[in-house]
Amino acid sequence: MTPAGNNLERESTGMDADVIVVGCGVQGLSVARHLARRGLRVLAIDRVGPGRQTSARAAGQSVIAQTDPAMGALMHRSIEDITTFEERTGIPLPYHQVGSVKYARQEWSAEQLEREVERASALGARVSMISLAEAGLLAPHTNPSAAVAAWHAPDDIYFEPAIMADALYQDAVAVGVEFRFDVEVTGFGVAGSVLQGVETSRGSFTADRVVLTTGSWTGPLLRETLGIELPLAFVRHQYSIRGGAPKIHAGLPSVRIVEDAVYARPVGTNLMFGTYEPRPLEFDLSELPERTEQVPLDPAAVNQALANVADIFPSVQDSTVLEMRGGMVTMTPDGGYLIDQVHEAEGLYFSTGCNVMGLSVAPALGQDIADWVINGHRPASLAGFAVSRFSKSVPTDAEVHQKSLAEYEGIYRDSASRNFIRT
């Protein structure tokens, strides 16, 4: 397969690459392949391997109806990218387009569901309020009588993250991305304020543009090498794979509950059940785990969340934990990404602060970041993610901590529902 859409003519610069992408999770793979498809020489480096860190441990769900319209738009485009991926590339990317059901258990959250439907409909998505009886037919492993309202999004999908990462990696290789693994970035080559490349454990690599997509490790890397502090908090996110629940099959929709911030989807005949904990495990910036597998997991926290929603998931209460999965995610004080350039090193771009939605929007986000790197103009879709949005009121460390954790705990509540606190 040859690179498609080569609309950028460049003379040889004598550098190792036109662009170096640091970090080969799903977002980095997405950026790299879009750059290569536009005709650039791309070198992608990672200290582990493609999709081997947090990406492989994501939940793998794409939901169009988001509390943030900007994320909803990215999600909408990403679903289209995933569902047409094999047709466009010839590389299989299995997915289940079985839709989602979201429950509200109180009147305030029922009103929020109405707002979510309105926002999603404005994007052209098919999302609608349904009766509780209809919800029970769609999700027979739940008890809809314990809820007061529900919506249904028939075009939502779920997929296996490791398979998605492998498909993106195959496509990136096919369009000419060069990969180097077991490589640790230790610094950046800068002349004046102009980027020259990266310093690594395997020597120097030169390029006049570098994109950092290293997830939770972007913050410490920028602080240690360039003295840049980003408003980030680092927390554990985890979920369980449960066996023994009756009548679970791959055709069931994903299910969410607003008040309890829990989600569930099939994994074959098993069930994935996860939650956004009210008080998640936190990590200090200076002591982050070097590998995702070093993040300690705790089934007790997920079991407690399941007990909290026993009235909606009665048939799942006697299930057993077959596996725990999880990793470290980055949260920001307003729940939005941090996607920007580094002024101290012109040509250095970064993306972090995924707020637990990095995998699901990576297809669209990778395209938009690639466009920015190529054209030099920030796309409108990324306008709200500039770090400068905090410049008028720079949050203190305490405020970053408090607000970022509030964003995690309240991830299923929109701005009009923020005053409702989980018990």
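The values are calculated or read from the model by the stated rules, or taken from the named source; none is laboratory data. Bear in mind that the values here come from a model prediction, so they are computed numbers and not experimental data. No Cβ is skipped: glycine too gets one built from the backbone with ideal geometry, and neighbour counts run over all protein chains shown.
Within the range 283-300, residues that are among the aliphatic types (A, V, I, L, M) reach partners that are in a helix (DSSP H, G or I) with beta carbons closer than 8 Å, at six or more positions or on different chains, in the pairs L285/G219; L285/P220; L285/R223; L288/S216; L288/W217; L288/P220. All of (1) touching a residue at least 40 places away in the same chain (Cβ under 8 Å); (2) part of a helix (DSSP H, G or I); (3) β-branched (V, I, T); (4) in contact with a strand residue (DSSP E or B) (Cβ under 8 Å, 6 or more places away or on another chain) hold for V183 with one exception: (2). Apart from one condition, S254 fits all of (1) of a type in the set (S, T, Y); (2) in contact (Cβ under 8 Å) with a residue 60 or more places away in the chain; (3) exposed (fewer than 14 other Cβ atoms within 10 Å of the Cβ); the exception is (3).
Closer than 30 Å to V198 by Cβ, at pLDDT 95 or above, among the charged types (D, E, K, R) and surrounded by fewer than 22 Cβ atoms within 10 Å (Cβ to Cβ): is that true of E346 in this structure?
yes
When L338, L382 are checked against the criterion of being touching a residue at least 24 places away in the same chain (Cβ under 8 Å), under 17 Å from the mean Cα position of the chain (by Cα) and surrounded by fewer than 22 Cβ atoms within 10 Å (Cβ to Cβ), L382 stands alone in meeting it. Of the strands (runs of 3 or more DSSP E) lying entirely inside the range 35-151, those containing at least 3 residues that are over 22 Å from the mean Cα position of the chain (by Cα) and modelled with pLDDT of 95 or more are 128-130. Taking the listed residues D318, D414, the one that is farther than 22 Å from A56 by Cβ and either buried (at least 22 other Cβ atoms within 10 Å of the Cβ) or touching an Asp or Glu at 6+ places or on another chain (Cβ under 9 Å) (or both) is D414, with no other qualifying. Being among the charged types (D, E, K, R), over 13 Å from P363 (Cα atoms) and surrounded by fewer than 18 Cβ atoms within 10 Å (Cβ to Cβ) is a condition met by no residue of the range 65-85. Pairs meeting the criteria (first residue in the range 78-105 and more than 25 Å from V262 (Cβ to Cβ), second residue aromatic (F, W, Y), beta carbons under 6 Å, at least 6 apart or on different chains) are L93/F85. From the list I45, I130, the one residue that fits, being crowded, with 22+ Cβ neighbours inside 10 Å and more than 16 Å from M164 (Cβ to Cβ), is I45. Right, V177: outside the structural domain of S254 (by TED's automatic domain parsing), surrounded by 22 or more Cβ atoms within 10 Å (Cβ to Cβ) and over 22 Å from the mean Cα position of the chain (by Cα) or not? So V177 fits the description; yes. Scanning the range 356-381 for residues that are in contact with a strand residue (DSSP E or B) (Cβ under 7 Å, 6 or more places away or on another chain) and at pLDDT below 95 yields V356, S360. Look at (1) over 22 Å from the mean Cα position of the chain (by Cα); (2) without any contact (Cβ under 8 Å) to a residue 60 or more places away in the chain; (3) surrounded by 14 or more Cβ atoms within 10 Å (Cβ to Cβ) and you find that F420 fails only one, number (2). Across the range 228-251, what is the number of residues that are surrounded by 20 or more Cβ atoms within 10 Å (Cβ to Cβ) and over 17 Å from the mean Cα position of the chain (by Cα)? Of the residues in the range 228-251, 6 are surrounded by 20 or more Cβ atoms within 10 Å (Cβ to Cβ) and over 17 Å from the mean Cα position of the chain (by Cα). Checked against (1) in contact with a Lys or Arg (Cβ under 7 Å, 6 or more places away or on another chain); (2) crowded, with 20+ Cβ neighbours inside 10 Å, I374 passes all but condition (2). Looking across the range 189-227, the residues that are in a loop (DSSP other than H, G, I, E, B) and either surrounded by 19 or more Cβ atoms within 10 Å (Cβ to Cβ) or not assigned by TED's automatic domain parsing to the domain that holds Q27 (or both) come down to A207, R209, T213, T214.
The combined condition, being charged (D, E, K, R), more than 18 Å from the chain's Cα centre (by Cα) and in a strand (DSSP E or B), is not fulfilled by R256. In the condition set (1) surrounded by 17 or more Cβ atoms within 10 Å (Cβ to Cβ); (2) of a type outside the set (S, T, Y); (3) touching a Ser or Thr at 6+ places or on another chain (Cβ under 8 Å), W108 is compliant with all but (1).
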